[in-house]
Amino acid sequence: MRIALFTDSFLPFISGATFAALNQANALAKRGHQIRIYCPGPTNNQPNTSIFNELHESISVKKVPLSLPWGGQPNLNVVFPVLWPTMRDLRKFAPEVIHVHTEWGTGWAGIFAAWRMRIPTVGTFHTFWDDPLYVQHFPWPNWKIVQRAMGAYSALFYRRCDTVIAPSVSVQTHLKQHEVDATVVSNGIPRPEWQSDEAIVQLKQKYGVANRLTFLYLGRVSGEKTLGVCLEAFQRVNEAYPESRFVMIGDGPAMPHIKATIRQLRLEDSVVLTGSVPHDELMLGNLPRIGDVFITASETENQPISILETMAFGLPAIGPRSRGIPELIDDGKNGFLFDPSDVADLASHMTTIAASPERLPALRECALRTGRDHSIARSAERLEIIYGARVGAPGRPKASQRSPAVSEA
């Protein structure tokens with residue numbers, strides 16, 4: 001099957017939506033499908049730079065024209081859907097289905113292209129844009145009416161898809177409230193290759209966490225991740241267990257604030273900032289394994305890839321009872337849940353592990369099982385069924401009956 005994937009979030013921009021799209025594209029390509037990705041990437045041709053090392057060799061990438069940098073978010077571009085070059089390329093590729101992963105310029109390009117070519121559209125919902133922690137990133141007031149408008153906008157977009165995919169039940173429920181029906185399919189993650197224990201010991205020594213209880217955060221460093229809660233909770237744990245460490249893997253626009261918070265909390269000797277690490281190096285090198293427990297305080301997560309990836313390496317997780325996180329963390333079995341924004345509650349769970357390290361083996365085993373349950377192979381099988389049902393359906397696709405408000409000029 002020939003599948004065109006449209007996404008505004010793709011390498012080198014780092015986000016959960018980026019890696020959800022990347023992992024699914026790779027899995028489908030390995031199963032023999034022809035995949036072309038349309039995105040605001042750095043090249044119009046087959047990628048050959050290191051940031052694309054994780055792409056299956058058969059996948060081609062096409063840049064959507066007229067993209068401009070989005071202030072405050074490195075490597076993120078805003079696309080204006082002027083579509084004639086994209087349509088010309090699409091007609092040569094002749095996709096049987098279009099899968100859109102974002103509801104912005106590139107996503108609308110996919111919706112419009114499917115309408116013009118009379119082929120079905122599948123859309124995956126990744127981000128709760130109506131959440132106030134996301135609305136604050138846009139150049140308009142963070143008011144209730146604006147938040148409602150953002151939710152209505154997302155619903156407007158996904159109603160133009162023939163099939164909508166929700167990575168979690170939380171998303172499915174959210175979309176249902178906006179009168180959008182969705183099918184739950186996990187984003188999925190590939191099974192990582194494990195390095196030797198000796199290699200991990202060397203990694204821990206490199207980052208100064210050998211023989212120390214180490215909490216770990218992996219992901220983008222931005223305001224909606226609420227990392228200040230993690231740091232404040234770690235400070236309480238570190239006072240009782242001064243040998244403990246907190247490793248933060250990633251970078252982002254909030255890093256200056258995070259560094260200032262670390263200084264304010266006097267945690268300079270106990271927090272390790274690795275900076276940005278290329279994703280292929282991170283996974284192949286097993287960098288998450290330098291940690292013992294993954295922690296997050298983000299209240300905006302759909303189905304966080306970071307939790308799935310770290311659980312695939314056997315790290316239990318501590319996260320808030322918010323959005324899709326409770327669907328991944330089975331409280332007391334593969335990690336712990338705390339009340340959102342409650343520093344004391346998060347710190348208490350971290351302290352429980354510090355005080356009872358003998359609990360870690362059982363938590364790790366459950367975390368590994370969760371990682372296996374969300375294998376990318378299972379997700380690819382589900383996608384094949386969804387694509388096949390739409391491609392084989394008689395008549396024009398539903399989306400072709402609605403003319404999107406986009407110009408092909």
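So which residues in region 322-339 are small (Gly, Ala, Ser) and without any contact (Cβ under 8 Å) to a residue 12 or more places away in the chain, if there are any at all?
Kept after step one, since they are small (Gly, Ala, Ser), are these residues of region 322-339: 322, 324, 332, 335.
Listed by number, the list holds a single entry, 332.
Among 226, 214, 183, which is touching a residue at least 40 places away in the same chain (Cβ under 8 Å), in contact with a Lys or Arg (Cβ under 6 Å, 6 or more places away or on another chain) and among the polar types (S, T, N, Q)? Even if it seems obvious, please write down each step before you answer.
Details: 226 fails: in contact with a Lys or Arg (Cβ under 6 Å, 6 or more places away or on another chain); 183 fails: in contact with a Lys or Arg (Cβ under 6 Å, 6 or more places away or on another chain).
Answer to the selection: 214.
Residue 337 - would you say it is closer than 18 Å to residue 288 by Cα and either at pLDDT below 95 or among the aliphatic types (A, V, I, L, M) (or both)? Talk me through it step by step, then tell me what you get.
Values: closer than 18 Å to residue 288 by Cα: no; either at pLDDT below 95 or among the aliphatic types (A, V, I, L, M) (or both): yes.
It is false that residue 337 is closer than 18 Å to residue 288 by Cα and either at pLDDT below 95 or among the aliphatic types (A, V, I, L, M) (or both).
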Next on the checklist: Condition check: within 28 Å of residue 304 (Cα to Cα) and at pLDDT below 95. Does residue 390 satisfy that?
Outcome noted: yes
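Within region 105-118, does at least one residue satisfy the condition of being basic (Lys, Arg), over 25 Å from residue 221 (Cβ atoms), touching a residue at least 60 places away in the same chain (Cβ under 8 Å) and surrounded by fewer than 21 Cβ atoms within 10 Å (Cβ to Cβ)? Lay out the reasoning, then the answer.
First pass over region 105-118, keeping only residues basic (Lys, Arg): 116, 118.
Then keep just the ones that are over 25 Å from residue 221 (Cβ atoms); that gives 116, 118.
So of that shortlist, the ones also touching a residue at least 60 places away in the same chain (Cβ under 8 Å) come out as 116, 118.
This time we only want the ones that are surrounded by fewer than 21 Cβ atoms within 10 Å (Cβ to Cβ), so: 116, 118.
Yes: region 105-118 contains one or more residues that are basic (Lys, Arg), over 25 Å from residue 221 (Cβ atoms), touching a residue at least 60 places away in the same chain (Cβ under 8 Å) and surrounded by fewer than 21 Cβ atoms within 10 Å (Cβ to Cβ).
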Checklist entry - Any idea how many residues of region 148-165 are assigned to a helix (DSSP H, G or I) and either touching a residue at least 24 places away in the same chain (Cβ under 8 Å) or surrounded by fewer than 17 Cβ atoms within 10 Å (Cβ to Cβ) (or both)? => result 10
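Give region 290-348 a look and list any residue that's on the phi > 0 side of the Ramachandran plot and in a loop (DSSP other than H, G, I, E, B), or say none.
Let us first name the residues in region 290-348 that are on the phi > 0 side of the Ramachandran plot, namely 314, 323, 332, 335, 341.
Once the filter is applied, which keeps residues that are on the phi > 0 side of the Ramachandran plot and in a loop (DSSP other than H, G, I, E, B), region 290-348 yields 314, 323, 332, 341.
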Checklist entry - Is there a residue being among the hydrophobic types (A, V, I, L, M, F, W, C), in contact (Cβ under 8 Å) with a residue 60 or more places away in the chain, under 27 Å from residue 351 (Cβ atoms) and in contact with a Pro (Cβ under 6 Å, 6 or more places away or on another chain) anywhere in region 281-295? => result yes
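Can you go through 139, 132 and tell me which one is outside the structural domain of residue 221 (by TED's automatic domain parsing), at pLDDT below 90, closer than 22 Å to residue 322 by Cβ and not β-branched (Val, Ile, Thr)?
132
For the structure I just gave you, tell me whether residue 292 is closer than 23 Å to residue 356 by Cα and touching a Leu at 6+ places or on another chain (Cβ under 7 Å).
Answer is yes for this residue.
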Checklist outcome for this item: Of (1) outside any helix (DSSP H, G or I); (2) under 20 Å from the mean Cα position of the chain (by Cα), residue 283 satisfies every one except (1)
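Which one of 81, 65 is at pLDDT below 70, surrounded by 15 or more Cβ atoms within 10 Å (Cβ to Cβ) and more than 22 Å from residue 20 (Cα to Cα)?
Numbers: 65 fails: at pLDDT below 70.
That would be 81, the only listed residue that is at pLDDT below 70, surrounded by 15 or more Cβ atoms within 10 Å (Cβ to Cβ) and more than 22 Å from residue 20 (Cα to Cα).
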Item to check | Enumeration of residues in region 299-320 that are free of Cβ contacts under 8 Å to residues at least 60 places away in the same chain and either surrounded by fewer than 24 Cβ atoms within 10 Å (Cβ to Cβ) or touching a Pro at 6+ places or on another chain (Cβ under 6 Å) (or both) | outcome: 314, 320
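What number of residues within region 119-147 are touching a residue at least 24 places away in the same chain (Cβ under 8 Å) and either in contact with a strand residue (DSSP E or B) (Cβ under 7 Å, 6 or more places away or on another chain) or part of a helix (DSSP H, G or I) (or both)?
To start, the set of residues in region 119-147 that are touching a residue at least 24 places away in the same chain (Cβ under 8 Å) comprises 119-131, 133-134, 136-137.
From the residues that got through so far, the ones that are either in contact with a strand residue (DSSP E or B) (Cβ under 7 Å, 6 or more places away or on another chain) or part of a helix (DSSP H, G or I) (or both) too are 119-125, 133-134.
Going through region 119-147 one residue at a time, the tally reaches 9.
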Item to check | Evaluation of residue 319 against (1) modelled with pLDDT of 95 or more; (2) farther than 16 Å from residue 234 by Cα (one fails), failing number | outcome: (2)
Checklist entry - Residue check: is residue 72 at positive phi and at pLDDT below 95? => result yes
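The values are calculated or read from the model by the stated rules, or taken from the named source; none is laboratory data. The model shown is predicted, which means the values in this text are computed figures rather than measured ones. Quick reminder, even Gly has a Cβ in these numbers, built from the backbone with ideal geometry, and neighbours come from all protein chains shown.
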